[in-house]
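Okay, so here's the structure we're looking at.
The values are calculated or read from the model by the stated rules, or taken from the named source; none is laboratory data. Remember, it's a predicted structure, so these values are computed and weren't measured experimentally. A quick note on method: Cβ atoms are made from the backbone with ideal geometry, for glycine too, and the neighbour counts reach across all protein chains shown. Keep in mind that these areas ignore ligands, DNA and RNA; they rest on the heavy atoms of the full protein, side chains included. Shrake-Rupley method; radii C 1.70, N 1.55, O 1.52, S 1.80 Å.
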Amino acid sequence: NPHFESSTADKQPYVITAARAVQDMRDSTIVLLEQPVADVTLKNGMKMNAKASNGIYRQDARILVLDGHVIIQHESGYTIHSERMNISVDDRISWTDTAVHGEGPAGTLDARAMNANNDTEVHILTGPAKLVLIQTAKRPTP
């Protein structure tokens, strides 16, 4: 159970674990991962968890490439599914050029690709894209 724990340049903690990890023989900055799981704390204190069947962690660039059945969960209740996702741990930016499906308290989304800044909460969906928002009933004011 390999375990890598560190913090970003601005002192935000992250942990990457895996069922198995093997360092690339040609490039010692690359670690090949089986069943990787990454736990990242965002600047606002919220947590994000990402997991996949396989992955590659580039130690020099602090980039995690997840491949196969990628699931990203945000503490606020949102989940993103894709077949491949790149995560810049320092920048807390994730991107993919594969289809994404997301769901959460506000609705669902489907897109051909995505680029997300998890600190600013700006998500760019590449189309065709579909966003379905759930309308909630307003509560009466006392």
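Any idea which residue in the stretch 108-124 is nearest to the chain's Cα centre (by Cα), counting only those that are aliphatic (A, V, I, L, M) and surrounded by 15 or more Cβ atoms within 10 Å (Cβ to Cβ)? Walk me through how you get there before you give the answer.
Here is the first cut: in the stretch 108-124, the residues aliphatic (A, V, I, L, M) are 109, 111, 113-114, 116, 122, 124.
Add one more test, that the residue is surrounded by 15 or more Cβ atoms within 10 Å (Cβ to Cβ), and what stays is 109, 111, 113-114, 116.
Working: Leu109: 16, Ala111: 16, Ala113: 14, Met114: 11, Ala116: 9 Å.
Residue satisfying both the conditions and the ranking: Ala116.
Among the listed residues Asp119, Asp110, Asp91, which satisfies the condition of being over 18 Å from Gly55 (Cβ atoms) and not in a strand (DSSP E or B)?
Just a single option satisfies the conditions, and that option is Asp119.
Counting residues that are open to solvent by less than 40 Å² (accessible area, probe 1.4 Å) and under 17 Å from Tyr78 (Cα atoms), which strands (runs of 3 or more DSSP E) fully inside the stretch 1-60 reach at least 1? Quick ask: steps written out before the conclusion?
On the way: elements: 3-7, 13-17, 20-23, 30-34, 37-41, 47-51, 54-58.
It comes to 37-41, 47-51.
Write out, first by first residue and then by second, each pair whose Cβ atoms fall under 6 Å of each other, whose residues are 6+ apart or on separate chains, and whose first residue, in the stretch 32-47, is more than 12 Å from Phe4 (Cβ to Cβ) while the second is open to solvent by less than 40 Å² (accessible area, probe 1.4 Å) and assigned to a strand (DSSP E or B).
Val40/Tyr14; Val40/Met48; Lys47/Thr41
Kindly list the number of the only condition in (1) open to solvent by 90 Å² or more (accessible area, probe 1.4 Å); (2) closer than 29 Å to Ala9 by Cα that fails for Ile87.
So the condition that Ile87 fails would be (1).
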